[in-house]
Amino acid sequence: MTDSSTFSSGGADSAAADDAARAAACELDAVVVEIESRLSVWAQEAGAALAALDGKVSGTAVDKLIRPVVEELVRTPEGYAAGAGFLANAGLLGPERSYIAWWQGTEMEHVDALANFSPNAISRYVRAEWFRIPVETGQPHVTGPYVDFLCTDENVLTFTHPVFCRPDGPVAGIVGMDVTVQRLERGAVPALRRIGDRATLVNQDGRAIVSAASDIDAGDLAVAAEGCRVFGVGRRFSIWSGAAGI
Amino acid sequence: MLLSPQGASRSLAAVFTPIKSRGLVDEVCGRIEQAVETGLLTSGQRLPNETELASALGVSAVTAREALSQLRSSGIIRTVRGRSGGSFIADNVLPSRERALEQLDELTRLQISDLGLHYQAIASVCASLAARRSDAADVDTLRSFIPATDADPLSWRLALSEFLLEVAAIARSARLARELIRLQADLGTLTLLPCADAGYRNASARILEQTAGSIEAHQPAEAETGVKSLISTTTSWLLAEHARRI
């Protein structure tokens, strides 16, 4: 977490308030960092396991590899994942072919499974930000908050991470996790209140995810209040100690 | 006290109305029909067998078998026996003018205009929210759904519903998006009819451009007016056609 504080504090009271704000921001950062690191560990393990299949990658093999991890993620008590899975890039199972192994909810509902029988399913995903960006950049990404029509029909953040079978190889696919804004809000609002009554968690575009201010909703574009403190949260989010909706 | 002085409230009465849930079989059929309409599954394509279908959708083999037989009797799929046999998506399964006219004839004027009003109510709130929350990437995606005026009626119908769905996506309200999807399902193939009329397509294309412009320029009131007039153009067309056929 980085704190690019823009004002210097005076007096013992404001120093204590500073510490409380920093502690609260650390708490939120820890939540997001844990999600991101779980995903990068998973991406590495999945890459190694796919490489071990030695070019004989089938849908069944992918399911067998991915399902147990998803099960663990969505069934973790107090966990953050509403759904999770793997999406193959063209080339892994065949040219111009995709494959989706994604489940959601503790009931492990298989998402978009019909697409696996379609020869042109890849066209469904190539434009989606959560797939396109990690594939194009080779870097992890977070999409949202957005309404996810493909899976949850909820307001979510989708964390995705590219999977490589060889360090220098092409992107074999992505692993990802959906976290509903609702789930995040529960823990985040009390922490944000400790930072300020208009403290707001925003994504890289300045779009609000959760705010302590009741007039800023998830999905609203926001601006940082002048001279406010900025705390980094995970790879791409920030907390502004004060914000206004636009 | 359970009853208000005026008697039981209407919302309380709704609790006791029987739940007409679509059975699992209908659900599976609906998914496949939807996959055909959106081009994910195409005519002549082989469907997975009962066991594969059951495991992909997480239903029992019995449910999958019943669904396949229901799809067969409604002419969505055809089954070929023998070694190279299996179930295939039938030819001419796409929404047809005949089927749309049948649907129109079954409706009353009141049903058509009421459906139009409901659609307007939901879509216009989406539009005004979208105008508040849009960013440049949102507007690019939205514009990509505006079809060429000479595109065929089927792609026009799909593009119109995708355009409004994208407006809901930009609005980032999960409930409104879900309601819009439900309304589009209620409209069924009806919207195919006006899309065959060049005059309707020209008028709609202008409205789509204007609406995208208002959403881009963060003009909630104009965006709302645009979407309302798009839907009333459709409703008036359908009502005129309905009147002509009686």
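The values are calculated or read from the model by the stated rules, or taken from the named source; none is laboratory data. Remember, it's a predicted structure, so these values are computed and weren't measured experimentally. Note that we place each Cβ from the backbone using ideal geometry, even for glycine, and neighbour counts take in every protein chain shown. In case anyone asks, the SASA skips ligands and DNA or RNA and just uses the protein heavy atoms, side chains included. Shrake-Rupley method; radii C 1.70, N 1.55, O 1.52, S 1.80 Å.
Probe 1.4 Å, all protein chains in place: accessible area of B:GLU106 in Å², nearest 10?
That residue has around 140 Å² of solvent-accessible surface.
Can you grab the distance from the C-alpha centre of the range A:67-92 to the C-alpha centre of the range B:51-72, Å, no decimals?
Between the Cα centre of the range A:67-92 and that of the range B:51-72, the gap is 25 Å.
Report the label-to-label distance for B:ARG175 and A:SER58 in nanometres (one decimal), using points 7 Å from each Cα along the Cα→Cβ vector.
Calculated label separation equals 4.7 nm.
Would you be so kind as to identify which of B:LEU104, B:ALA67, B:THR141 lies farthest towards the positive end of the dipole of the range B:57-188, taking Lys and Arg as +1 and Asp and Glu as -1 on Cβ and the Cα centre as origin?
Towards the positive end, the residue furthest out is B:ALA67.
For the range B:93-145, state the average projected area of the convex hull of the C-alpha atoms over all orientations, rounded to one decimal in nm². Intermediate results must be reported in sequence, preceding the final value.
Details: hull surface 22.2 nm².
If I average the Cα hull's projected area over directions, I get 5.6 nm².
Could you state the accessible area per residue of chain B in Å², with a 1.4 Å probe and every protein chain left in place? Don't jump to the answer; show the numbers that get you there.
Details: 13060 Å² over 246 residues.
Using a 1.4 Å probe on heavy atoms only, each residue of chain B averages 53 Å².
Just the ratio, please: alpha-carbon radius of gyration of the range B:97-245 over 2.2 N^0.38 Å, N its number of residues.
Relative to the 2.2 N^0.38 Å estimate, the range B:97-245 comes out at 0.99.
DSSP loop (so not H, G, I, E, B), at most 16 other Cβ within 10 Å: list which GluC sites (Glu not before Pro) in the range A:103-145 pass both filters.
Numbers: sites: A:GLU107, A:GLU109, A:GLU129, A:GLU136; in loops: A:GLU107.
Passing sites in the range A:103-145 are A:GLU107.
For chain B, which span is the longest to avoid every loop-located (per DSSP) member of trypsin sites (Lys or Arg not before Pro) having at most 13 other Cβ atoms inside 10 Å? Please list the in-between numbers first.
On the way: sites that count: B:LYS20, B:ARG22, B:ARG81, B:ARG83.
By the stated rule (loop sites, at most 13 other Cβ atoms within 10 Å), B:84-246.
For q = 0.05, 0.06 Å⁻¹, what log10 I(q)/I(0) does the protein assembly as shown give under the Debye formula with an equal point scatterer on each alpha carbon and no solvent?
The Cα Debye sum returns log10 ratios of -0.23, -0.33.
Using the Karplus curve 6.51 cos²θ - 1.76 cosθ + 1.60 with θ = phi - 60°, what ³J(HN,Hα) values do you get for each residue of the range B:232-246, in whole Hz, with x for Gly and Pro?
6, 4, 5, 4, 4, 4, 5, 5, 5, 5, 4, 5, 5, 8, 7
Averaged across the residues of B:163-175, what count of C-beta atoms belonging to other chains lies within 10 Å of each residue's C-beta?
Details: counts 0, 0, 2, 1, 0, 2, 4, 3, 2, 11, 5, 14, 4.
Neighbouring Cβ atoms belonging to other protein chains average 4 per residue here.
Can you give the convex hull volume of the alpha carbon atoms of the range A:131-246 per residue, in Å³?
Working: hull volume 13.2 nm³, N = 116.
Here the figure is 114 Å³ per residue.
I need the calculated FRET efficiency for the pair B:THR42 and A:ARG132, taking r as the beta carbon distance and R₀ as 25 Å, to the nearest 0.05. Don't skip to the end; give the middle numbers.
Details: r = 24 Å, r/R0 = 0.95.
For B:THR42 and A:ARG132, the calculated efficiency is 0.55.
Sort out for me the Cα centre separation of the range B:169-246 from the range A:125-171, rounded to whole Å.
So the separation of the two Cα centres works out to 31 Å.
With 10 Å bins from zero, work out the P(r) of the range A:31-182 over every alpha carbon pair and list the percent per bin.
12, 46, 36, 6, 0
With every protein chain in place, what's the accessible area of A:SER98 (1.4 Å probe, Å², nearest 10)?
10
Which whole number gives the average count of other chain Cβ atoms within 10 Å of the Cβ atoms across peptide B:213-226? Please report the intermediate quantities before stating the final value.
Working: counts 0, 0, 0, 0, 0, 2, 0, 0, 0, 0, 0, 0, 0, 0.
Taking all residues of B:213-226 together, the mean is 0.
Rounded to the nearest 10 Å², what accessible area does A:ASP18 show when all protein chains are kept and the probe is 1.4 Å?
Surface open to solvent at A:ASP18 totals about 30 Å².
If you fit an axis through the alpha-carbon atoms of helix A:181-195 and take the longest principal axis of the Cα set of chain A, what angle between them do you get, 0 to 90°, nearest 10?
In chain A, helix A:181-195 runs at an angle near 20 degrees to the longest axis.
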